Amino acid sequence: MDAGGLGFLVAGSRREFVVLNVDDFSKQGSSQGCPDYICQICGDDIDILQEENEYFVACNDCAFPVCRTCYEYERQEGTQVCPRCKTRYKRHKGSPRVHGDEEEEGSDDIESEFASSIAGRSNIVHPYRVSVAESSINSWDIDSVSITNSGASVHFYEEHVGTPTNHHALVVHPNTGEIMRYNPLQTRPINPNRDLALYGYGSVAWKNRVEWKTKQQNKMQKVSSDGEGSDLNDFDSDCDIPRCAESKQQLSRKVPIPSSKINPYRIVISLRLAILGLFFHYRILNPVHDAHWLWLTSVICEIWFAFSWILDQFPKWHPIQRETYLDRLSLRYEKEGKPPELARIDVFVSTVDPMKEPPLIIANTVLSILAVDYPVDKVCCYVSDDGAAMLTFEALTETCLFARKWVPFCKKHKIEPRAPEWYFAQKIDYLREKVHPEFVRERRAMKREYEEFKVRINTVVANSCKVPEGGWSLPEGAPWHGNNVRDHAGMVQVITGNDCVMDDAGNKLPWLVYVSREKRPGHDHHKKAGALNALLRTSAILSNAPFVLNVDCDHYMNNSKALREAMCFLMDPVLGEKICYVQFPQRFDGIDQHDRYSNHNVVFFDINMKGLDGIQGPIYVGTGCVFRRHALYGYDAPTATKPPSKTCNCWPKSCCLCCGSKRKCSKAKKKQEHQKKVKCRNASKQVHALEVAGRETAPPVPREKFEKRFGQSDAFLASTLQDNGEGCHFDMLKSLDDCIHVLSCGYENKTQWGKEVGWIYGSVTEDILTGFKMHCHGWRSVYCMPKRPAFKGSAPINLTDRLHQVLRWALGSVEIFLSKHCPIWYGYRCGLKPLERLSYINCVIYPWTSIPLLIYCALPAFCLLSGKFMVPELPAS
């Protein structure tokens, strides 16, 4: 070695190399370095975080120096606790989640988590891969190169003058013998007289870390879809890695109400209960003997008021909020280059009278559905015309023509809302964010197209006022079946959905189907519930989507991602199987500033429904709700919703959650106890497999039972055995004949339709009854409140309409109270929770509160007439 040369050491084992600067050893105290910035497990330098420009700190309690690699190893394969203070490691930003991580408040760092996970693993598997052929090797004189299979190999080499002294080193690959160049940012001073094991190299912890690196490399190689090349440099182009990393993430999470907001409310409720107790103690123990009937009547009324108040307050005790992750939904079910795997959704729009429900409003609702942000081949829109009006059919035909221009315009510019009437009525600056001249021209042209569309719709409405003598007829000359509204055959017309119906951009449009069920005199058609059940059977034959959304004709889709919001709950692999429906709040347009008729109903939609979501789920309010078709068929909720997860570190297999504690078992447990848990775990896995497979793995059911439950239709019975939309491949003519059969007014006779299947009959408020039956079957529901309201509708604008609406709700509650489905005595020993039952009892008895309220208001008048009072008089002083 020349005197002027600079000496380096290359130390390494079979897995890893370390470059040492020998000249630094001559400096006094250099061997100590900076102990606070050196990992105490493996001896590597602790990295500096680029975002915060500070050293990485694994434990926030004691700041024990541990590098990022050892931190990840301890969290995923080790004890997950700090070696010094024994505190459990918390998850840092960008770190992959492991079992036991608590939900943390703040922004989600899923992108950083992907980047950190992939980048970190690439650094672990292939350290320092830089070929010497990529740079100039003429400036190096290699004195000796030797490879040993055990222990550390040390190589001295020189570097000629002119080459930087602190940026270059040579390393030799242990397997291939390839000479590589390593460019470290810093050289680490190590005393050559001391054992290398003191610095972490060759120690047991270091060997375990090396084995973990190899294990991670094997895992990442299995993820590769094409199986070619194990170089992690190709991972950026592998689209399977994000989905693999996201497969363990839930699509939604609960966000509890902060204690600073909910605890004062609970304290006030507790104080009111105490005051009520003292009040009734005084009222009952101090009767009025000379006016006993007035005193008794007033006490009974007051007890009823207190009972009604308690029923209303207790379901609000534990409100929650929910948060969805639409990006995780896309990463999991919409892989780039592959067809989307999102579930099919059938959308039901119900209408009755075109005079009360203008066709232009129906057209806007349908247009917002056709332009929804969801795969086109996964959406089918069914419009139920219970009035069999020719006007509605012609309006839908004109809507289909305008949709060819409106749908591509919405998807190209991503506008909100996608109902043209309310989009063009917004009083905001549309050019603030859409400054491109092309958008300005297209928007102006689209507005002119919409004005022409409105003229055509108004023309159709005007022509419908003049009914021909022979009744309405179709363009081909056939008579219109709905000329007699109360006596006509069923009608089904697929308006869009064929491959020949494309929009102006050359893309397919979602299905749009017109349906009108058969009506005959003398038959009870069960109003809206009967119409929705007819749509449920028709859609099962045509598209058979596993999920169903029902909206009123005046509720347009205000948020184009509303379907994705619902799928974050219903398609969640962990929690989705027990959810029967996702309810969105009702929001309205056209309400005056002071909301004089209380159309917003803030107490119910923003407080009560959140409280019910914390119990078993919100009640069904009749619109803006996405159902699971399997739940509408009256089946019970699955008992096992998820397989057991890893909770045990002392044995190679995980413990079962259904056999004992969720805590980690200690290493001192006997092997016999663990084998018992393993058997329980295997049994729970079998239950989970049966629940996932559904009815396909269940024993065959006699056909007679199916017919008594669902009716005598071969096409519909076959669709009930399929939940993934396989029914969409069919012969059109044969399927339309089957649809006419299930639309007949006598199809539901001697079946379970309206009793256990579909929307339940027996009340004008079929929504409360239907949701109640589902909860009795063990299902739970979810309340989804996205930042942008999912649906908006038209509210009553005068007192007459508002009173008529309130009266209809009250009559429906009275009908449920007097029926066998009253929650006071129905549904015990089933899946309905007690607090959920109290909420349903409150829904059906609130109209009866008007009777004691009327009597209590009349008591002062009786006191004045009789000269007696209902409370005892105070003694004279």
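The values are calculated or read from the model by the stated rules, or taken from the named source; none is laboratory data. Keep in mind it's a predicted model, so treat the numbers as computed, not measured. Please note: Cβ atoms are built from the backbone with ideal geometry, for glycine as well, and neighbour counts cover all protein chains shown. Accessible surface areas use protein heavy atoms only, side chains included; no ligands, DNA or RNA. Shrake-Rupley method; radii C 1.70, N 1.55, O 1.52, S 1.80 Å.
If PHE706, PHE547 are ordered by their accessible area, calculated over protein heavy atoms with a 1.4 Å probe, which sequence runs from highest to lowest?
PHE706, PHE547
Can you pull out the GluC sites (Glu not before Pro) in the range 297-355 whose DSSP state is coil and whose Cβ has at most 11 other Cβ atoms within 10 Å?
Listed in order of number, the matching sites are GLU336.
HIS741 accessible area, nearest 10 Å², 1.4 Å probe?
80
Say the cut-off is 30 Å between C-alpha atoms; which of LYS254/LYS833; LYS338/LYS412; LYS528/LYS578; LYS86/LYS261; LYS447/LYS528; LYS528/LYS750 go over it?
Violating the 30 Å limit, Cα to Cα: LYS86/LYS261; LYS447/LYS528.
Stretch PHE862-PHE424 to full length: gain in nm at 0.36 nm per residue minus the Cα-Cα span?
151.8 nm
With N set to the number of residues, divide the alpha-carbon radius of gyration of the range 732-796 by 2.2 N^0.38 Å and report two decimals.
Ratio of Cα Rg to 2.2 N^0.38 Å: 1.58.
Apply 1/(1 + (r/R0)^6) to the Cβ-Cβ distance of HIS600 and LEU326, taking R0 = 35 Å, and write down the FRET efficiency to the nearest 0.05.
Given R0 = 35 Å and the Cβ-Cβ separation, E is 0.85.
Length gain on complete extension for the stretch TYR55 to GLU77, per 0.36 nm per residue less the alpha carbon to alpha carbon distance?
5.6 nm
Report the charge-dipole magnitude of the range 37-97 in Debye, nearest 20, computed about the Cα centre from +1 at each Lys and Arg Cβ and -1 at each Asp and Glu Cβ.
Charge dipole, the range 37-97, about its Cα centre: 420 debye, nearest 20.
Select from the range 773-877 those chymotrypsin sites (Phe, Trp or Tyr not before Pro) which occupy a DSSP coil region and have at most 16 other Cβ atoms within 10 Å, ordered by residue number.
Loop-located and lightly packed - TRP825, TYR828.
Once R0 is set to 41 Å, what does the formula 1/(1 + (r/R0)^6) return for the Cβ-Cβ distance between LYS338 and LEU818, expressed as a FRET efficiency to the nearest 0.05?
So, using R0 = 41 Å, E works out to roughly 0.15.
Run the simple label-point estimate for ASN507 and THR87 please: 7 Å along Cα→C-beta, distance reported in nm.
5.1
What accessible area, in Å² to the nearest ten, does a 1.4 Å probe give for ILE845?
10
Tell me, what is the 1.4 Å probe accessible area of MET355, in Å² to the nearest 10?
120
Quick one: which of LYS414/LYS610; LYS708/LYS755; LYS356/LYS427; LYS414/LYS787 span more than 20 angstrom between C-alpha atoms?
LYS414/LYS610; LYS356/LYS427
Between LYS466 and ALA445, what is 0.36 nm times their sequence separation minus the Cα-Cα distance? Round to one decimal in nm.
4.2 nm
If you rank CYS745, CYS465 by how much accessible surface each has, with a 1.4 Å probe, what is the order from largest down?
CYS465, CYS745
How do HIS436, HIS488, HIS289, HIS600 stack up against each other in accessible area, from largest to smallest, with a 1.4 angstrom probe?
Order by accessible area, largest first: HIS289, HIS436, HIS600, HIS488.
Considering only VAL66, TYR37, ILE48, whose Cα is most displaced toward the positive end of the charge dipole of the range 37-97, charges sitting on Cβ of Lys, Arg (+1) and Asp, Glu (-1)?
Working it through, the farthest residue towards the positive pole turns out to be VAL66.
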